[in-house]
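Visitor: Have a look at the structure that comes next, please.
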Amino acid sequence: YFLDKSDKYDSRDVERLQQDDKWVENYLVWRHDVVDDTLKMIDESFQWRKEYTVNDLSESVLPKWLFEIGALFLHGYDKEGYKLFWFKVKHHTRDPKQQLDKKKLVAFWLEHYAKRDHGKPLTVVFDMAETGISHIDLDFVRFIVNCFTDYYPNFLTKIVIFEMPWIMNAAFKIVKGWLGPDAISMLKFTNKSDVQEYISGEYLPPHMGGTDSFKYSYPPLVDDDFQTPLCENGPITSEDEHESKEEIDADTKEAGELNEAQNLNQKKMNSIELISKSEETDKTEVKPKNAKKALTTFKGPLLHISPAEELYFGSKETGEKKCLIVLTNVTKNVVAFKVRTTAPEKYRVKPSNSSCEPGTSLDIIVSLHGGFAASLQDRFLIMAAEMDQSSGAGGPELTQFWKEVPRTKVMEHRLRCHVIESSKPSSLTLKDNAFNIPAKTNEDLHIQVIVHSFINKRLEEQMNRCLWFQQLSVVLSLLSVTVAAFCFYL
């Protein structure tokens, strides 16, 4: 494909394909590990990406009015923790002259999210309230469907269709014909009474039976619902003030111990290996020979951040309410950072707004506040920017710095929350001054699933061959009995 059509691809896409294993894996998974189908999808999607100049799409190259009408935007999460991609159908009208720009807007949002959240799948919501015949545009709908089935592999979890008018039933029968059997199973037709099976009320607008007061406006782009930076110790209520002080003291003690342990491994900046210290008190702990586990690390231009993608909290039953984020400054200057979250009322972060010296590492302790429990919908945003040597690193200097620093010079990295029941987490989780490290990461488990699927296929083929031989043996036996009986009769 490359030799024949290299001029039809964007070289940046080819380079990414050669370096990004996760992208390749998504193509394979979406095409059920059939290599020929995977190559065909890569070929089609790469040609489409170059035709629509996907890598160069930005706010400046698209008409401003497309953003202002609010027909497409990202906001909130479903009950499984996946980002919601909203299509407000009532704001869309058919116009052949605007069709290309509208399609590029879809590509802009998908690419914007894919780069920002590392390809985490989306849940698409078609809000069809107050729509009619004038809003039906099958060509545009087909383009949206193709984006997920042909151009963005393994990027769709489900399509939630809210209050589809009966007059559009015929149109959606046509749409189903464009979808494969896998995609059809992702369609969820809902109304006000059952939409909360998939999306909780906190991310649903009032007309859908929810309590979300969010109102889309532009500019700026919707920034993942992150609130103002967290306070150092989070919101403290009178009833648990005493508990909070004890936790703060414990956090300080833990941070000291963690820094001491980390200094011993300062040379190993590309991975963090920690040995569990709670073997005697926790019967479910892994054996010493399996205690060491390299954790994933996001390698940014300013900071290396570990864990790379998810913070693992325990449920109310497990009681694990603290996680550790390790920041390593890989520049020659002081790097200022601050932490934001989608749920500031739940978490305490220490420190939440500070700086990191060149070549050093710093521990951030994230703890749940009071009786709150972590949720899959919760997100954390780490923002970082280089400071001049002459700039101070105190509170007032940091405040002024964040007011003046250009957004283009700010590194951003997002972390998701994950709730575990009883198994050990695959990120740094603090409990009783110890690190609980899992025997296997999500990546390990995914690889094992793929391996086992191939093993199952081979076993299935062997079983089919055995059944065929068994059936053949039965037929030959019956034939032999018949021949013997006939001979005996003669």
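Visitor: Of the residues that make up the range 45-62, is at least one open to solvent by 30 Å² or more (accessible area, probe 1.4 Å), free of Cβ contacts under 8 Å to residues at least 24 places away in the same chain, closer than 21 Å to LEU221 by Cα and acidic (Asp, Glu)?
Guide: Yes: one or more hits.
Visitor: Where residues in the range 25-37 are in a helix (DSSP H, G or I) and either in contact with an Asp or Glu (Cβ under 6 Å, 6 or more places away or on another chain) or over 28 Å from LYS102 (Cα atoms) (or both), which of them is most open to solvent (accessible area, probe 1.4 Å)? Quick ask: steps written out before the conclusion?
Guide: Initial filter on the range 25-37 (in a helix (DSSP H, G or I)): 25-30, 35-37.
From what's left, either in contact with an Asp or Glu (Cβ under 6 Å, 6 or more places away or on another chain) or over 28 Å from LYS102 (Cα atoms) (or both): 25, 28-29, 35-37.
Working: GLU25: 49, LEU28: 53, VAL29: 51, VAL35: 87, ASP36: 113, ASP37: 73 Å².
My answer is ASP36.
Visitor: When you scan the range 133-213 for helices (runs of 4 or more DSSP H) that lie fully inside it, which ones turn up with 1 or more residues that are at pLDDT 85 or above?
Guide: On the way: elements: 138-146, 169-178, 181-184.
Ranges flagged: 138-146.
Visitor: Also: Restricting attention to the range 106-134, which residues are open to solvent by less than 30 Å² (accessible area, probe 1.4 Å) and out of contact with any Phe, Trp or Tyr (no Cβ under 8 Å at 6 or more places or on another chain)?
Guide: PHE108, GLU111, ASP117, THR131, GLY132
Visitor: On the basis of being at pLDDT 90 or above and assigned to a helix (DSSP H, G or I), does LYS5 make the cut?
Guide: Values: at pLDDT 90 or above: no; assigned to a helix (DSSP H, G or I): yes.
For LYS5, the condition - at pLDDT 90 or above and assigned to a helix (DSSP H, G or I) - is not met.
The values are calculated or read from the model by the stated rules, or taken from the named source; none is laboratory data. The structure displayed is predicted, hence computed values, not measured ones. So basically every Cβ, Gly included, is an ideal-geometry build from the backbone, and we count neighbours across all protein chains shown. Ligands, DNA and RNA are stripped out before the accessible areas are found, and what is left, the full protein with its side chains, is counted by its heavy atoms. Shrake-Rupley method; radii C 1.70, N 1.55, O 1.52, S 1.80 Å.
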